[in-house]
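Participant: Okay, here's the structure, questions in a sec.
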Amino acid sequence: MPAKSFVVETIKRNQIVELLSKGKRSDGRGLSELRKLEIKTHVIEKANGSAMVKLGNTEVLAGVKIDKGTPFPDTPNKGLLIVGAEVLPMAASYLEAGPPDESAIELARVVDRGVRESEMIDVSSLVIKEGKWVYSVFVDVNILNVDGNLFDATSYAVVSALLTAWMPKFVLENDVVKNTGEKMPLPVHKVPISVTIANINNTLVLDPTEEEEAIMDARITLDTDDDGNLCAGQKGEPGSFTPEQIITAAEWSIARGKEIRQQIKEAAGHA
Amino acid sequence: MPAKSFVVETIKRNQIVELLSKGKRSDGRGLSELRKLEIKTHVIEKANGSAMVKLGNTEVLAGVKIDKGTPFPDTPNKGLLIVGAEVLPMAASYLEAGPPDESAIELARVVDRGVRESEMIDVSSLVIKEGKWVYSVFVDVNILNVDGNLFDATSYAVVSALLTAWMPKFVLENDVVKNTGEKMPLPVHKVPISVTIANINNTLVLDPTEEEEAIMDARITLDTDDDGNLCAGQKGEPGSFTPEQIITAAEWSIARGKEIRQQIKEAAGHA
Amino acid sequence: MPAKSFVVETIKRNQIVELLSKGKRSDGRGLSELRKLEIKTHVIEKANGSAMVKLGNTEVLAGVKIDKGTPFPDTPNKGLLIVGAEVLPMAASYLEAGPPDESAIELARVVDRGVRESEMIDVSSLVIKEGKWVYSVFVDVNILNVDGNLFDATSYAVVSALLTAWMPKFVLENDVVKNTGEKMPLPVHKVPISVTIANINNTLVLDPTEEEEAIMDARITLDTDDDGNLCAGQKGEPGSFTPEQIITAAEWSIARGKEIRQQIKEAAGHA
Amino acid sequence: MDENGIRTDGRRWDELRPLKIEVGVVKNADGSALIEWGKNKIIAAVYGPKEMHPKHLELADRAFLKCRYHMAPFSVDERKNPAPSRREIEISKVIREALQPALFLEDYPRTAIQIYVEVLQSDGGSRVAGITASALALADAGINMRDLVVGCAVGKVDGKIVLDLNDTEDKEGSGDLPYAFMPNLNQVTLLQMDGLFTFDEFKQALELAKVGGMKVYKLQREALLRKYFSGGGPETSTGSAEMMEEA
Amino acid sequence: MDENGIRTDGRRWDELRPLKIEVGVVKNADGSALIEWGKNKIIAAVYGPKEMHPKHLELADRAFLKCRYHMAPFSVDERKNPAPSRREIEISKVIREALQPALFLEDYPRTAIQIYVEVLQSDGGSRVAGITASALALADAGINMRDLVVGCAVGKVDGKIVLDLNDTEDKEGSGDLPYAFMPNLNQVTLLQMDGLFTFDEFKQALELAKVGGMKVYKLQREALLRKYFSGGGPETSTGSAEMMEEA
Amino acid sequence: MDENGIRTDGRRWDELRPLKIEVGVVKNADGSALIEWGKNKIIAAVYGPKEMHPKHLELADRAFLKCRYHMAPFSVDERKNPAPSRREIEISKVIREALQPALFLEDYPRTAIQIYVEVLQSDGGSRVAGITASALALADAGINMRDLVVGCAVGKVDGKIVLDLNDTEDKEGSGDLPYAFMPNLNQVTLLQMDGLFTFDEFKQALELAKVGGMKVYKLQREALLRKYFSGGGPETSTGSAEMMEEA
């Protein structure tokens, strides 16, 4: 994962910090401005839903697979919704193939929580036979190129892929699950939007690039739902925020979230 | 695991050996004397049985979990009894987190064998429906602080936790297992007691401390049952014993085992 | 795996290459000549079939285990045939114990393919109840001593062991699988024969020894069936062949395969 | 919550569960603490500064901070597999990052400082309890600190923001917000959030977490005083965080 | 195949599926290419020459070549577990060995060159498509090469040797023969075979694979020219493999 | 056991199963032995003294002794997964510790000595058979030894102490006691015990294990003599353990 894993030379760092102290960023953006966001859906025909997201130079591909599955014993009347994310070793020069490290695990779990806690998908409607058969929805994400803010790019790809996903219609015949061949849309209720803000030397910046992440003290990710409520959060990295900074981050997340949600819904044909 | 994993300075070693040659130990104990043994049961409310054991400075916590499970294919009419042990990395400065090494595996297997071979628990009475459903009894042990003789401390914790364990009463209704909500005591038949003896420079010492283990040549663990029979054994470490030393070790195990069994039964309310 | 994993001194290498340029090999064999092949079957009583194969100094032991199993979901009407191979760490000085590396995985998969693609065993006849119960045939190979050409030695051991294997007769009684105690021969249709040819400095040699493998540029394994058809192939190692060399290799495989098949069938009592 | 605002376990909305802390419980560790908070029973132990393994990961300008949060198999209702789960790996990371701001790691270049958090019994809020205990274990180990770190969670039950959820409330409630901060420096070092909070509820939650946390902080200081000033007890508790560095 | 020799997807026996290549698609990589071949969508990316890890495996006289072929979980009909399968490990090895003959590894002693092949969507022939893309990614990374490497498979359907099987043909056909070669040096660098071929069919298959591969080679060169000579397109495509080294 | 004290396989209580040993069976190994004992077929092979990997574990004052006990998948009634089980890891450890007392490891500082025990077919007593074969493999490798090590198990069947249990007796018997010792030095190097023995039975078991072991020792010496004195056979067997060091 990006932060700290390459050396940004002191000069560069000082320059970024100096610019920030004047409220400017090295790529010319405003402090609470998102990089260019491009979304392309229906890119993998073999998936039930898919989306390619570019957030600046960060590129992410999400694919949805929907099948029948068995529910967890403690939630017999809920379908399965599982988000996985892999930072491909090709995505940056300092990466190596191997099992996911703690950063990749945090990434997948935070994105998963953002989708799950917002109740974007009504998993209780994904039941074929209670306790026996449910729909299983796997969303897998490949991070293809890393340039900062993987949390948001991954989240946008997952949400966009889910918005475009169709489900095979399964029915129960004589206690056997049968695929009818029909397709149904996945029942989507809400569109949660993740927004990440970094604290660099006590200046907050939204959607940090990799060179900003390399010198950030801490980051916070806050998700909002369609009503502007906060629905998930995660502070990370070994620095801290003042309570006031967190309130500001929440305000930014609410404001920016509205715009991004609109763009994602349009890209997925939900506008 | 402790032995050899830290350097006891030569001077200390020589002093211990010299003392032993006079029949004395550096902590003042007799050669076949146990350290202070403290047992506290019912320490984990969420477990079906539990015990905290202190043997000198070695501290060990065992918890029992009892649930329904499926029997092994080759023993359809026996319940499951599985003992696991983890030497927590916090238990000594030289430990690191990671999968269990060969010493931890030996520890768990020897303690498991001691309980299993003594037939402490009558696993054939732990059947709900033959071949389909049985009671599964997991005993997990956390070693919290290491100061030698993990085998015995772990064994005492396991035995004490099992002696205090209750089982949920499961019944079969229309081929479905149902928890009646009633509690039953776990059917305990015997109380096996493990006693470990180290060979240091041809002197036998019972219940070795970590500094004794660091210089021991070999160790032998012998378990006895309520009738004073030997019911399990394990020689370890890269040294040897004379046959006569093994006979002496067996005598010590029988004698000391009687006292320890009494103390454990009292602590568990089985006196 | 052998190739490149030890240094053949330059002098030796030069000598081998020089000999080859004159059409000679350091062990006196012709270029397309197999080393002495010895096959002993019925060496493991507890296996359903077994064979010990010596190809020069390469020694390989294969054992077959046949039991009931559940079919793969996508092939409900086919029995299981699974070939595994382990290069024992005792088989050469440069090996270490550990999970199989890419060479061992390639070896097992290529031998497995050779047996599977030739349709040596008619897996569709190994069904007890479609979709529920089938025969599972495991062939496991231990490589005991390495001196080159593991692909062929392993393949000969697998084929010989399968040719001598018997199956327990399972029947279905009230939907339960029962072992009748009767024994049946495994239904063998074809006898595929693997032949491996190395390219050393543009000279082809059949059945390379370890010292030849250490200096080979590339190798190709081609399997033939009883009718002299090609039924599996695998090029390996980081060199190349001309198309003409591949045709030659195929000719050699067809010619030598006929002789080896005869020897294996005799050793297995199928002559 | 009943009509009088009393929760299922009898607490008011702004009341903590019973909380007991003891410093110095693991003999071999350089520092340690046992916390019992509701039904949580958690030991934190610290080793270090010590040699870094593997050597090539040591940092030239500061200590390498490691943290392992782990749950005992018997700590939860259903036996937990002892192998580290993805949840435990994530929590290990956020606990480490919640504690690091308080540490003068630059005082210990090329060394490792290791924090172990073992959950012997788990209830709601085990990660904030783990942080609270770990801060004490670090102080007990004599590691130089800017401040203690206090963990405290808030949540949302029956539409109301309440302090310090227990297990049942966590499962049945509609929101949970684990929170940790440095009480004297007014810096937030951990924030996670599940569930649904309006912006106003969110602000209210942060406030309540701080108020609750200050009560926890008082108990933290008392626990340290009990260990380091043997006569010490609640009544003599006047120390501030600065004294930690002397401890 | 129908009576007119037309395959289920409408192709003749010696026709390739639609094939599109783009060089330079992964920003952080030193070289990369995206290939779309039938329903295959595959990215190859190259990093290097770079420092070798672990150090003790570096080679004094040449670069250490590594290759990872991997399939995305959503790339196939049934979701694939993301952990590397034995199949992926074997294919990684044969792809690496198919590319190595084309590389002047001796020009980069003590370094590592890493090839990543990520299958985003899989169809028949993903390994030869991966080789084709990887050769371009290596050229794009500026690695010195003797020749490009071209991958192309042939197979046997309804008793007839045909070019470039798609997924359905691969599953229902009676033979598959993935093949790769260096077009200017006339050297075969990959050959695998499943199924049943008479000796004559085998010879015919090798011929057809070469003919098909030369068509792929043409597209490879055009893709490079498009990247390196911005106005470049099929009509200006006159380059030979030697020019790769300048690229 | 029947009324005449004859066991299910026809043996008397103090009789060994058929036992055959051959030294020097693995060509590449520095030393090796094949033992067939009842239905056990076990190969032990030794490599070393050789360079230690990983380097940082090498010991300044002696050789690092490693042992891997492993069962072939086809060695038992139900196919065994080839990955090392916890049982195999434990047995590897006790075998290593049973052999180490016989070795002059201090003669080979900074090196590794590796013992491999591969069970090709398993019957009762595979670990003591493995020890018996390993001691010969070590001698065959020319490692300096104080004594051979002899393995032999005793057990309890139908209430009686008997020598050398086979698989059926092991499963149905009420006790098993694997045992190994150095015959000339009178030192016990392995003892494990399952089941129930009175103190008297325990003493009797140790005695019987020794008596049985001495018969095994005779066969061990003969096997070495056969290899190192080509005309050698039982009748010329007068060597003692001291001669091992010359071998």
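The values are calculated or read from the model by the stated rules, or taken from the named source; none is laboratory data. Because the structure is a prediction, the values reported are computed rather than measured. FYI the Cβ positions are ideal-geometry reconstructions off the backbone, even for glycines, and counts take in every protein chain you see.
Participant: Looking at the structure I just gave you, is D:Glu118 outside any strand (DSSP E or B), modelled with pLDDT of 95 or more, farther than 20 Å from A:Ala218 by Cα and acidic (Asp, Glu)?
Facilitator: Against the criterion (outside any strand (DSSP E or B), modelled with pLDDT of 95 or more, farther than 20 Å from A:Ala218 by Cα and acidic (Asp, Glu)), D:Glu118 does not qualify.
Participant: Pairs, please: C-beta under 9 Å, at least 6 apart or cross-chain, first residue at negative phi and away from every other protein chain (no Cβ under 12 Å) and in region C:38-62, second of a type in the set (Lys, Arg) and surrounded by fewer than 20 Cβ atoms within 10 Å (Cβ to Cβ)?
Facilitator: Pairs that qualify, where the first residue is at negative phi and away from every other protein chain (no Cβ under 12 Å) and the partner is of a type in the set (Lys, Arg) and surrounded by fewer than 20 Cβ atoms within 10 Å (Cβ to Cβ), are C:Val53/C:Lys40; C:Leu55/C:Lys36.
Participant: Identify, by number, the condition in (1) modelled with pLDDT under 95; (2) of a type in the set (Gly, Ala, Ser); (3) within 21 Å of B:Thr224 (Cβ to Cβ) that B:Gly98 doesn't meet.
Facilitator: Among (1) modelled with pLDDT under 95; (2) of a type in the set (Gly, Ala, Ser); (3) within 21 Å of B:Thr224 (Cβ to Cβ), B:Gly98 violates only (3).
Participant: May I ask you to say which residue of A:Asp101, A:Asp122, A:Asp147 is within 30 Å of E:Glu51 (Cβ to Cβ), touching a residue at least 40 places away in the same chain (Cβ under 8 Å) and surrounded by fewer than 17 Cβ atoms within 10 Å (Cβ to Cβ)?
Facilitator: Unique residue meeting the criteria: A:Asp101.
Participant: Further question: Aliphatic (A, V, I, L, M), more than 27 Å from D:Asn28 (Cβ to Cβ) and surrounded by 20 or more Cβ atoms within 10 Å (Cβ to Cβ): does that describe D:Leu165?
Facilitator: Against the criterion (aliphatic (A, V, I, L, M), more than 27 Å from D:Asn28 (Cβ to Cβ) and surrounded by 20 or more Cβ atoms within 10 Å (Cβ to Cβ)), D:Leu165 qualifies.
Participant: Further question on the same structure: Which of the following residues is modelled with pLDDT of 95 or more and more than 28 Å from E:Ser32 (Cβ to Cβ): E:Leu191, E:Leu219, E:Leu208, E:Leu185?
Facilitator: E:Leu208
Participant: As an exercise: evaluate A:Gln262 against (1) buried (at least 17 other Cβ atoms within 10 Å of the Cβ); (2) of a type in the set (S, T, N, Q); (3) under 17 Å from the mean Cα position of the chain (by Cα) and give the number of the one condition it does not meet.
Facilitator: It is condition (1) that A:Gln262 fails.
Participant: Can I ask one more? Restricting region B:109-123 to residues that are at pLDDT 95 or above and within 9 Å of another protein chain (Cβ to nearest Cβ), which is farthest from B:Ile193 (Cα to Cα)?
Facilitator: Filtering first and then ranking leaves B:Arg109.
Listed here are the residues, each with its yes/no results for (1) touching a Cys at 6+ places or on another chain (Cβ under 9 Å); (2) of a type in the set (Val, Ile, Thr); (3) without any contact (Cβ under 8 Å) to a residue 40 or more places away in the chain.
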{"position": "E:Leu138", "(1), (2), (3)": "no, no, no"}
{"position": "E:Thr168", "(1), (2), (3)": "no, yes, no"}
{"position": "E:Lys171", "(1), (2), (3)": "no, no, yes"}
{"position": "E:Ser174", "(1), (2), (3)": "no, no, yes"}
{"position": "E:Leu191", "(1), (2), (3)": "no, no, yes"}
{"position": "E:Ala205", "(1), (2), (3)": "no, no, no"}
{"position": "E:Lys218", "(1), (2), (3)": "no, no, yes"}
{"position": "E:Arg226", "(1), (2), (3)": "no, no, no"}
{"position": "E:Phe229", "(1), (2), (3)": "no, no, yes"}
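Participant: Something else about it: What do you reckon, is C:Ala104 within 14 Å of chain F (Cβ to nearest Cβ), assigned to a strand (DSSP E or B), hydrophobic (A, V, I, L, M, F, W, C) and under 15 Å from the mean Cα position of the chain (by Cα)?
Facilitator: Here the answer is no, as C:Ala104 does not meet what is asked.
Yes/no per residue for (1) among the basic types (Lys, Arg); (2) under 19 Å from D:Val76 (Cα atoms):
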residue	(1), (2)
D:Ile89	no, yes
D:Arg96	yes, no
D:Ala102	no, no
D:Glu106	no, no
D:Thr111	no, no
D:Tyr116	no, yes
D:Ala129	no, yes
D:Ala135	no, no
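Participant: So which of B:Leu222, B:Leu204, B:Leu186 is closer than 19 Å to B:Val110 by Cα, of a type outside the set (Gly, Ala, Ser) and touching a strand residue (DSSP E or B) at 6+ places or on another chain (Cβ under 7 Å)?
Facilitator: B:Leu222
Participant: Now, a different point. Take the residues in region C:133-144 that are within 15 Å of F:Arg79 (Cα to Cα) and hydrophobic (A, V, I, L, M, F, W, C); name whichever of them is surrounded by the most Cβ atoms within 10 Å (Cβ to Cβ).
Facilitator: Only one residue fits best here, namely C:Val139.
Participant: Further question: Can you list the strands (runs of 3 or more DSSP E) lying wholly within region F:145-238 that have 1 or more residues being within 11 Å of chain B (Cβ to nearest Cβ) and either among the β-branched types (Val, Ile, Thr) or in contact with a His (Cβ under 7 Å, 6 or more places away or on another chain) (or both)?
Facilitator: Passing ranges, in order: F:187-197.
Participant: Could you check A:Asp147 against (1) under 19 Å from the mean Cα position of the chain (by Cα); (2) away from chain E (no Cβ under 14 Å) and say which number it fails?
Facilitator: (2)
Participant: Of the residues that make up region C:66-80, is at least one of a type outside the set (Ser, Thr, Tyr), surrounded by fewer than 20 Cβ atoms within 10 Å (Cβ to Cβ), assigned to a loop (DSSP other than H, G, I, E, B) and on the phi > 0 side of the Ramachandran plot?
Facilitator: Scanning region C:66-80, I find no residue that is of a type outside the set (Ser, Thr, Tyr), surrounded by fewer than 20 Cβ atoms within 10 Å (Cβ to Cβ), assigned to a loop (DSSP other than H, G, I, E, B) and on the phi > 0 side of the Ramachandran plot, so the answer is no.
Participant: Name the single residue, out of those in region F:80-102 being among the aliphatic types (A, V, I, L, M) and either in contact with a His (Cβ under 7 Å, 6 or more places away or on another chain) or modelled with pLDDT of 95 or more (or both), that is surrounded by the most Cβ atoms within 10 Å (Cβ to Cβ).
Facilitator: Selected residue: F:Ala98.
Participant: If you take the residues in region F:164-196 that are of a type in the set (A, V, I, L, M, F, W, C) and farther than 22 Å from B:Ser240 by Cα, which one is farthest from the chain's Cα centre (by Cα)?
Facilitator: Per the stated criteria, the residue is F:Leu196.
Participant: If you scan region C:217-251, which residues turn out to be hydroxyl-bearing (Ser, Thr, Tyr), buried (at least 19 other Cβ atoms within 10 Å of the Cβ) and facing chain E (nearest Cβ under 7 Å)?
Facilitator: Correct list: C:Ser240 only.
Participant: Quick one: count up the residues across region F:62-79 that are at pLDDT 95 or above and over 26 Å from F:Leu191 (Cβ atoms).
Facilitator: 4
Participant: Inside region A:224-271, can you point out the residues that are among the β-branched types (Val, Ile, Thr), under 17 Å from D:Thr189 (Cα atoms) and assigned to a helix (DSSP H, G or I)?
Facilitator: Answer for region A:224-271, where residues must be among the β-branched types (Val, Ile, Thr), under 17 Å from D:Thr189 (Cα atoms) and assigned to a helix (DSSP H, G or I): A:Ile246, A:Ile247, A:Thr248.
Participant: Can you tell me how many residues in region C:164-183 are out of contact with any strand residue (DSSP E or B) (no Cβ under 9 Å at 6 or more places or on another chain) and among the polar types (S, T, N, Q)?
Facilitator: The qualifying residues number 1.
Participant: Report yes if A:Glu33 is closer than 30 Å to A:Lys258 by Cα, assigned to a loop (DSSP other than H, G, I, E, B) and under 21 Å from the mean Cα position of the chain (by Cα), otherwise no.
Facilitator: Answer is yes for this residue.
Participant: Return a yes/no flag: does region E:101-118 have any residue that is over 14 Å from the mean Cα position of the chain (by Cα), more than 14 Å from chain C (Cβ to nearest Cβ), under 22 Å from E:Met214 (Cβ atoms) and in contact (Cβ under 8 Å) with a residue 12 or more places away in the chain.
Facilitator: no
Participant: Still on this structure: So is D:Pro82 at the interface with another protein chain (Cβ under 9 Å from one of its Cβ atoms), without any contact (Cβ under 8 Å) to a residue 24 or more places away in the chain and either farther than 16 Å from B:Glu86 by Cβ or not charged (D, E, K, R) (or both) or not?
Facilitator: So D:Pro82 fits the description; yes.
Participant: Something else about it: Any residue in region A:172-186 that is within 27 Å of A:Asp225 (Cβ to Cβ), more than 14 Å from every other protein chain (Cβ to nearest Cβ) and in contact (Cβ under 8 Å) with a residue 40 or more places away in the chain?
Facilitator: Yes, there is a match, as at least one residue in region A:172-186 is within 27 Å of A:Asp225 (Cβ to Cβ), more than 14 Å from every other protein chain (Cβ to nearest Cβ) and in contact (Cβ under 8 Å) with a residue 40 or more places away in the chain.
Participant: Tally time: how many residues in region B:39-60 are in contact with an Asp or Glu (Cβ under 9 Å, 6 or more places away or on another chain) and within 30 Å of B:Leu204 (Cα to Cα)?
Facilitator: 9
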